[in-house]
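Below is one structure; the comments refer to it alone.
The values are calculated or read from the model by the stated rules, or taken from the named source; none is laboratory data. If you're wondering where the values come from, they're calculated on a predicted model, not measured in any experiment. Using ideal geometry, Cβ is built from the backbone for each residue, glycine included, and neighbour counts are taken over all protein chains shown.
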Amino acid sequence: MNATIPQVNVTGAGEEITLAINGNILSTNVQEVRQRVLDILALNETSNPSWKKLHLDLTAAQMIDSTGLNFLVAVTRHVKKRGIDLKISVTSPNISKSFSFIRLNRQADIVLVEGAN
C-alpha cells in the first residue's frame, strides 16, 4: 500500500516560521514527514538566530494516529528545549481533543480554526 506523503511547506522568516503539513500524519508516512520537519528545524537553528516562534499549521489534517501524535510530542520537546514558542493550528475538533488527552495543550498553544476546510 502506498502512503500519501503530505508536503511540508515553509513560510515566514525572522522570529516566526510556519510549517504547513498538507495532509494526515499517520504511521504510514510519519518517517518522511519527520525527516522533512527535522531538516527544516535544523536549517532554521543554524541560519536564523532570531527565530523564536514556530507555527505548525495542521489545518489540512483530518487524522493523526498515535504515531503521528508521538511525532508531534517529539517536535514539541525539540523546540521547547531551544526556547522556541509553539503554536499548532487544527480544524478537526477530534484532533484538538487528542492533543488535550496527551496534554500537548500544556506545551503548545493549540488553536482550533473553524471553517478552514
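Brief remarks on what is shown
- Among the candidates Thr76, Thr59, the residue that is under 23 Å from Thr28 (Cβ atoms), at pLDDT 95 or above, assigned to a loop (DSSP other than H, G, I, E, B) and of a type outside the set (Lys, Arg) is uniquely Thr59.
- Looking across the range 94-104, the residues that are surrounded by 12 or more Cβ atoms within 10 Å (Cβ to Cβ) and either hydrophobic (A, V, I, L, M, F, W, C) or modelled with pLDDT under 95 (or both) come down to Ile95, Phe99, Ile102, Leu104.
- Residue within the range 36-45 that is under 16 Å from Gly83 (Cα atoms), in a loop (DSSP other than H, G, I, E, B) and of a type in the set (Asp, Glu) present: no
- Residue within the range 73-82 that is under 14 Å from Thr4 (Cβ atoms), in contact (Cβ under 8 Å) with a residue 24 or more places away in the chain and in contact with a strand residue (DSSP E or B) (Cβ under 6 Å, 6 or more places away or on another chain) present: no
- Ser92 among the polar types (S, T, N, Q), within 26 Å of Glu114 (Cα to Cα) and in contact (Cβ under 8 Å) with a residue 24 or more places away in the chain: yes
- Among all residues of the range 44-51, there is none that is of a type in the set (Phe, Trp, Tyr), modelled with pLDDT of 95 or more and touching a strand residue (DSSP E or B) at 6+ places or on another chain (Cβ under 9 Å).
- Taking (1) surrounded by 15 or more Cβ atoms within 10 Å (Cβ to Cβ); (2) modelled with pLDDT under 95 in turn, Thr91 satisfies each apart from (2).
- Residues of the range 67-91 that are within 10 Å of the chain's Cα centre (by Cα) and of a type in the set (S, T, N, Q): Thr76, Ser89.
- Just one of the listed residues (Ile17, Ile40) is closer than 21 Å to Leu104 by Cα and within 13 Å of the chain's Cα centre (by Cα), and it is Ile17.
- So Ser96, is it farther than 19 Å from Pro6 by Cβ and among the hydroxyl-bearing types (Ser, Thr, Tyr): no
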